[in-house]
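Student: One structure is given below, represented as structure tokens, and several questions about it will come after.
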Amino acid sequence: MKKRMLSLAAMFAALSFASPAHAELKIGGDASIRARGEWKAIDPSNDPGDGLKWQWRVRLKASADLGNGYFFKTMIANEDISGTPGWSTVANNNTEHFQLEVSNFILGRMMKDSHYMMGRLPLNSFNNPIFDLALYPVPTSFSPGGIYAVDVPVFQWNFDRIYALNYGTKLGEGELNATFVVLDNHSTTEDTPALADGFFNDGYALHLSYKVNLGKAVFEPQALIVLTDANGASYQNVSSNTFGANLTIPSGKTKFGLSGFYTVCKDDKGSYLKKDTVDPIGYGNIGYPADNPATTTVEDGYTTYTPTATHVDYHGYLLRAKVEHGPFMAWVDYNRTTDKSSNLSAETTYDNVFVWAQYKIGITESALGTFSLTPVVRVRTSGREIGSAAATHNDLVRAELWATMTF
């Protein structure tokens, strides 16, 4: 691990002192430590998983201007999804590991009225929940540890990036952006009961957005259309459609945001990961299956899953109201999804309410960087109704204190 970090540092240093004939490489990044308290509740039972975690994260960023509008950007970060994605939690005797790798990178060119970019592009999903609803309309598991459409899952679990090709151009009074997204690569997969074969068996999507000023407000309608069968978090071989808009309204020193998105999917050739073997050694299902769902079986270490054909039928929406005022930021999300897929015993409805609130306290700021403390509160309450049965609930509350240095 030390050798890897030294090698990265040496590479950046060598590139930054390259001759004037080469592009100048600018290097920056951030480092954070945080204390996180977690409180969980499950109705009708209780969950004993409350606790305090000490965590840390380092991210390195580099950019190069090649002239004539051409540029390169990248971020080197940790992408381990065990425990808390991207963060390292202190382990026994400080034995935790933190491996740096290429998280995103952009090759592109900025022109007067247009631009194009390609690579592993950042999504800005922290401020734009369209991918959250499209990729996580149904929770991965109805438990405090499940992944929901709320609590910015794409920012946390997908590291806020996706492999894509983007083109943007000025159109009328606004800017039109079209992004061709590669969601997965299954064209080389052999024919299985759960997956069809074919050259275009990969998961492709098209993201369209148009940003325009309405007075001082900014309006951005969007659509995310899955063009071919793709693998989602809960269902595979599905082609969903998601659309909606973001509206940002400035008012003096305060900025208000409203978002609304709707997703729908009906697919006769879908599949889901059927749980076959559960908890063979007594530890429980500890996480989202990380292996390729195109294989015959996948495992997360303690549970075995098999892709099983099903008729997929769900629809849902996500609404957000957000406010920013100086160092204060907060928003509330409401998500409701109805799942009528044939693998379920009855129609199932999920309701999620989520609140994120934070206050950034600046300690020092200069041309070389910043240091700040940020208390954060995150609250999620989730309900599930299966047919006419009584609803069940689970809640998760997190109180965090971040110490962050940017450089």
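The values are calculated or read from the model by the stated rules, or taken from the named source; none is laboratory data. Given the structure is predicted, the values throughout are model-derived calculations rather than measurements. Using ideal geometry, Cβ is built from the backbone for each residue, glycine included, and neighbour counts are taken over all protein chains shown. Side chains are part of the model used for accessible areas, which takes the heavy atoms of the whole protein and leaves out ligands, DNA and RNA. Shrake-Rupley method; radii C 1.70, N 1.55, O 1.52, S 1.80 Å.
Student: Any idea which of ASN246, ASN201 is at pLDDT below 95 and crowded, with 19+ Cβ neighbours inside 10 Å?
Tutor: Just a single option satisfies the conditions, and that option is ASN201.
Student: Evaluate region 85-103: report whether one residue or more is open to solvent by 60 Å² or more (accessible area, probe 1.4 Å), assigned to a strand (DSSP E or B) and closer than 17 Å to PHE159 by Cβ.
Tutor: Looking for residues that are open to solvent by 60 Å² or more (accessible area, probe 1.4 Å), assigned to a strand (DSSP E or B) and closer than 17 Å to PHE159 by Cβ, one finds at least one in region 85-103, hence yes.
Student: Name the one entry in PHE328, PHE371 that is at pLDDT 95 or above, open to solvent by 70 Å² or more (accessible area, probe 1.4 Å) and among the aromatic types (Phe, Trp, Tyr).
Tutor: Testing whether each residue is at pLDDT 95 or above, open to solvent by 70 Å² or more (accessible area, probe 1.4 Å) and among the aromatic types (Phe, Trp, Tyr) leaves just PHE328.
Student: Moving to a separate point now. Can you name the number of the only condition in (1) in a loop (DSSP other than H, G, I, E, B); (2) surrounded by 19 or more Cβ atoms within 10 Å (Cβ to Cβ); (3) at pLDDT 80 or above that THR228 fails?
Tutor: Answer for THR228: the failing condition is (2).
Student: For region 365-386, name all the residues that are out of contact with any Ser or Thr (no Cβ under 7 Å at 6 or more places or on another chain) and more than 18 Å from VAL332 (Cα to Cα).
Tutor: GLU365, SER366, ALA367, LEU368, LEU373
Student: I want to confirm something. Restricting to region 333-352 and keeping residues that are part of a strand (DSSP E or B) and open to solvent by 60 Å² or more (accessible area, probe 1.4 Å), which single residue is farthest from LEU396 (Cα to Cα)?
Tutor: Looking at the filtered set, the residue picked out is ARG336.
Student: Just give me the residues in region 353-368 being surrounded by fewer than 16 Cβ atoms within 10 Å (Cβ to Cβ), among the aliphatic types (A, V, I, L, M) and at pLDDT 95 or above, in sequence order.
Tutor: If the condition is that a residue be surrounded by fewer than 16 Cβ atoms within 10 Å (Cβ to Cβ), among the aliphatic types (A, V, I, L, M) and at pLDDT 95 or above, then ALA357, ILE361, ILE363 are the ones that fit.
Student: Can you confirm whether ASP184 is surrounded by fewer than 21 Cβ atoms within 10 Å (Cβ to Cβ) and under 19 Å from the mean Cα position of the chain (by Cα)?
Tutor: In short, yes.
Student: Suppose the filter is in contact with a Gly (Cβ under 7 Å, 6 or more places away or on another chain) and under 25 Å from GLY145 (Cβ atoms); does ALA346 pass it?
Tutor: yes
Student: Quick check on this structure: which one of THR296, THR310, THR306 is open to solvent by 60 Å² or more (accessible area, probe 1.4 Å), at pLDDT below 95, farther than 22 Å from TRP157 by Cβ and polar (S, T, N, Q)?
Tutor: THR296
Student: Provide a single number: the residues in region 40-76 that are under 30 Å from ARG120 (Cβ atoms), in contact with a strand residue (DSSP E or B) (Cβ under 6 Å, 6 or more places away or on another chain) and in a loop (DSSP other than H, G, I, E, B).
Tutor: Of the residues in that region, 1 qualify.
Student: All but one of (1) at pLDDT 95 or above; (2) closer than 30 Å to GLU38 by Cα hold for PHE71, so report the exception by its number.
Tutor: Every condition holds for PHE71 apart from (2).
Table: residues versus (1) under 25 Å from THR248 (Cα atoms); (2) assigned to a loop (DSSP other than H, G, I, E, B); (3) open to solvent by 20 Å² or more (accessible area, probe 1.4 Å).
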| residue | (1), (2), (3) |
| --- | --- |
| GLY108 | no, no, no |
| HIS115 | yes, no, no |
| ARG120 | no, no, yes |
| ALA134 | yes, no, no |
| SER141 | no, yes, yes |
| PRO144 | no, yes, no |
| VAL154 | yes, no, no |
| ASN166 | yes, no, no |
| THR169 | yes, no, yes |
